[in-house]
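Just below is one structure, and these are the notes that go with it.
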Amino acid sequence: MIVFRYLSREVLVTLSAVSAVLLVIIMSGRFIKYLAQAAQGVLDPGVLFLIMGYRIPGFLQLILPLGLFLGFLLAYGRLYLDSEMTVLSATGVSQQRLTVYSMAPALIVALLVGWLSMGLAPQGVASVARILNEQDALTELDTLVPGRFQSLRDGSRVTYSQELSPDRSELRGVFMSEKRFSTDGTSERGITVLVAESGRQEIQEDGSRYLILENGYRYDGEPGEADYRAIQYDTYGVLLPKPEVAIEASEREATPTRELFGSDDPRMQAELQWRLSLPLLVFIVTLLAVPLSKVNPRQGRFLKLLPAIFLYMAYLGLLIAARGALDKGRLPAGLGLWWVHGIFFAIGMLLLYWERLSLWWASRRAPVSEVAHG
């Protein structure tokens, strides 16, 4: 039990450190993407951290198997480098027994990954989809920040307001610049600039929203050319996009796991097998990691790290490719993703018993060589 606790602690500590680093890297890249959308006025800055919180389970369900795989490689590699594994081997801890010990932390991680993939991750996807759908329904005034030029929606309009009332219904010192396109929408035909002393939001009976500008000018022309048109107006209406709030998420990733069972839809079957594959992935990568972590102290513990990562990438890449084929109906549901797990389970067993197979093969060849020599 002392050896078991020591090995489990080494693996879990390394797993936690590696997973934390990977999570920070992935979340940073995604947060930058959402931050850019907030700067363009597509997202409300107040929901950024809420979205990231809902996305964490989806990130972790893929990070934890990789973190466990690297945890075994780094932790056991250090033990081999410090000759601690040599001492354990001398006391009767074989590589097969080491694999059995390693399945205990793998079981903990597999249960956690299963909870994430079949429970929390779909709920998080549904929550994010609901928030994004609500954000799509916002008008330009809902995301406008006073005192800042904002490129809104598709970037064809730039809006500025010097002041904005707390309820976002009244504006002061309004500037709007919008590109004009040809009838077919393929070429630009100059820009339109609107300036106004004030503006207000007006909602019609049919739900349409207008920005009513008061006491201002409209300029139409081509940048850099003197040929332009100026119009003074008392009241000018700008149609704002009509809100269409879609609360329900339609993505299959957001479908609860219980609804996937018994479905005849290939897409739903592919999603179900993918969720079930992630906990199974944990056990198979453990089977792969234990023999791959064995290194010669003179060679360093990073010798097999790169080939091991390539093997893991091949495993995950083949799973993703099989998921896509199952999604399109190119693979029967009975075969699904299980053949991929079978291939890498066989590779893991081959690596685990490679030394015994080599000795057996050498013993079979030895008599033949002696007879030939005689």
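The values are calculated or read from the model by the stated rules, or taken from the named source; none is laboratory data. Because the structure is predicted, anything quoted here is derived from the model rather than measured. Side chains included, ligands, DNA and RNA excluded: accessible areas come from the protein's heavy atoms. Shrake-Rupley method; radii C 1.70, N 1.55, O 1.52, S 1.80 Å.
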Revision key, fill the gap. Excluding ligands, DNA and RNA, the carbon-plus-sulfur percentage of the accessible area of the range 152-239 with a 1.4 Å probe reads 44
**Study point:** Backbone HN-Hα couplings from phi across the range 227-239 [Karplus 6.51/-1.76/1.60, Hz, Gly and Pro as x]
**Key:** 7, 8, 10, 10, 10, 9, 9, 8, 9, 9, x, 10, 6
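Taking only protein heavy atoms into account and a 1.4 Å probe, give the accessible area per residue of the range 152-239 in Å².
Working: 5530 Å² over 88 residues.
Per-residue accessible area for the range 152-239 comes out at 63 Å².
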Review point. Rg and Dmax of the range 152-239, using alpha carbons, in Å: what are they?
Key: 14.0, 42
Review point. Can you list the residues, at least 5 places off or on another chain, whose amide H is less than 5 Å from the amide H of Leu144, using H built in the peptide plane?
Key: none
Exercise for review: Please list, in chain and number order, the residues 5+ apart from Leu240 or on another chain whose amide H is under 5 Å from its amide H, with Hs placed from the backbone.
Suggested key: Arg209, Tyr210, Leu211
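Hey, what's the range 280-350 come to in accessible area per residue, 1.4 Å probe, Å²?
50
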Point to revise | Solvent-accessible heavy-atom area per residue, rounded to whole Å², over the range 1-117 at 1.4 Å | key: 47
**Study point:** For the range 211-222, Karplus couplings with θ = phi - 60° (6.51, -1.76, 1.60), whole Hz, Gly/Pro x
**Key:** 9, 8, 9, 10, 6, x, 10, 10, 10, 10, x, 10
